């Protein structure tokens, strides 16, 4: 009887452990597939600029604007004229306050030294 009870308890603990393990493995597989699809949507590992814009697009002299950028596959990024110490990100925003119309250029570089760039002009009203 004691042996049967031990066997029964052991089989319950084992089945719960195995069920939890199988669930975690399935979850990891789903997360990996989701990450793969997201990377594919963003262009894989190829270097490109996902977004680069300012809001609002027209400001008063010295008024604030939010400058946002997103890059994929980059090891280095910079904005000309320099605005901050930047790091590659899929989405990052920072504040600027130019006094005159300013052309901003985002330059992204990958590990092989390839570069891409994109520019726009932030208008300042008079």
Checking the conditions here, which among 26, 4 is without any contact (Cβ under 8 Å) to a residue 24 or more places away in the chain, surrounded by fewer than 10 Cβ atoms within 10 Å (Cβ to Cβ) and part of a helix (DSSP H, G or I)? 4
Name the single residue that is farthest from residue 57 (Cα to Cα) among those in segment 80-100 being in contact (Cβ under 8 Å) with a residue 24 or more places away in the chain and part of a loop (DSSP other than H, G, I, E, B). 90
Say we look at segment 101-124 and pick out the residues that are in a loop (DSSP other than H, G, I, E, B) and under 19 Å from the mean Cα position of the chain (by Cα); which of these is surrounded by the fewest Cβ atoms within 10 Å (Cβ to Cβ)? 111
Given the structure, is residue 31 at pLDDT 85 or above, loosely packed, with under 12 Cβ neighbours inside 10 Å and outside any loop (DSSP other than H, G, I, E, B)? yes
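The values are calculated or read from the model by the stated rules, or taken from the named source; none is laboratory data. Model, not experiment: these values are computed from the prediction. Reconstructed Cβ throughout: ideal geometry from the backbone, glycine too, with neighbour counts over all protein chains shown.
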